[in-house]
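Read through the structure below, which is laid out as structure tokens, and then see the notes.
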Amino acid sequence: MLKYLNTDIVFQEVPDETSLAINITGCPCRCPGCHSPYLWADTGEPLNAEAIDCLMAEHGKGITCVCFMGGDAAPHEVEGLAAYVHQRYPQHKVAWYSGRQYIPHNIDKQQFDYIKVGPYIAHLGPLQSDLCNQHMFKRQTDGSFLDITARFRRSALLSPTPAHHP
């Protein structure tokens, strides 16, 4: 059973989205240098359809995306909740931050609009680092996933924006 400890409204985890980040506990990855080791413990409230409905009643009008932070101990449950969000709240996108190197092959990735994969490796830094091993993918209209990691990189943030010509 998935459990979550807390939530937050975030603006940087998913590009161009205002996301409800749901911090899922019981993380099996236990990455050295993890910024959220308190999420390793099996604590918190059950994360199920009822909890999603309560969170959406509270935050749904102010967000564009539901972002599952973790859930690697029960990826099929994360997939099921993603499907539930898409069915019940079709105007919202769904993202998944996984600490695994790869999403399991038997997970329907089409249930997600965004997927971030990769364990945190301290000496490589977070997504903003040009050395980072983690990658963020965005589902395209044809169902393929495009690597959009460069949107997080410091080098991309420091580059001047090219001029647009009509």
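Couple of notes before you dig in:
- Taking strands (runs of 3 or more DSSP E) as the structural unit, those lying wholly within the range 5-117 and holding at least 3 residues that are of a type outside the set (A, V, I, L, M) correspond to 65-69, 93-97.
- A single entry from 46, 32, 37 fulfils the requirement of being more than 14 Å from the chain's Cα centre (by Cα) and without any contact (Cβ under 8 Å) to a residue 12 or more places away in the chain: 37.
- Any hit, the range 57-71, residues being at pLDDT 95 or above, among the charged types (D, E, K, R), loosely packed, with under 13 Cβ neighbours inside 10 Å and under 17 Å from residue 4 (Cα atoms): yes
- Some residue of the range 74-89 being surrounded by 17 or more Cβ atoms within 10 Å (Cβ to Cβ), without any contact (Cβ under 8 Å) to a residue 24 or more places away in the chain and under 11 Å from the mean Cα position of the chain (by Cα): no
- Any chance residue 3 is in contact (Cβ under 8 Å) with a residue 40 or more places away in the chain and either aromatic (Phe, Trp, Tyr) or more than 25 Å from residue 152 (Cα to Cα) (or both): yes
- Residue check for residue 129: surrounded by 14 or more Cβ atoms within 10 Å (Cβ to Cβ), of a type in the set (S, T, N, Q) and more than 14 Å from the chain's Cα centre (by Cα): yes
- Taken over the range 107-125, residues that are exposed (fewer than 12 other Cβ atoms within 10 Å of the Cβ) and either in contact (Cβ under 8 Å) with a residue 12 or more places away in the chain or closer than 28 Å to residue 62 by Cβ (or both) amount to 1.
- Against the test of being out of contact with any Phe, Trp or Tyr (no Cβ under 9 Å at 6 or more places or on another chain), among the hydrophobic types (A, V, I, L, M, F, W, C) and within 24 Å of residue 138 (Cα to Cα), the options 9, 22, 52 yield a single qualifying residue, 9.
- Those residues of the range 51-76 which are under 11 Å from residue 95 (Cα atoms), of a type outside the set (Ser, Thr, Tyr) and touching a Lys or Arg at 6+ places or on another chain (Cβ under 8 Å), in sequence order: 65, 66
The values are calculated or read from the model by the stated rules, or taken from the named source; none is laboratory data. Predicted, not measured: the structure shown is a model, and the values here were computed from it. Neighbour counts run over all protein chains shown; Cβ positions are idealised from the backbone, glycine included.
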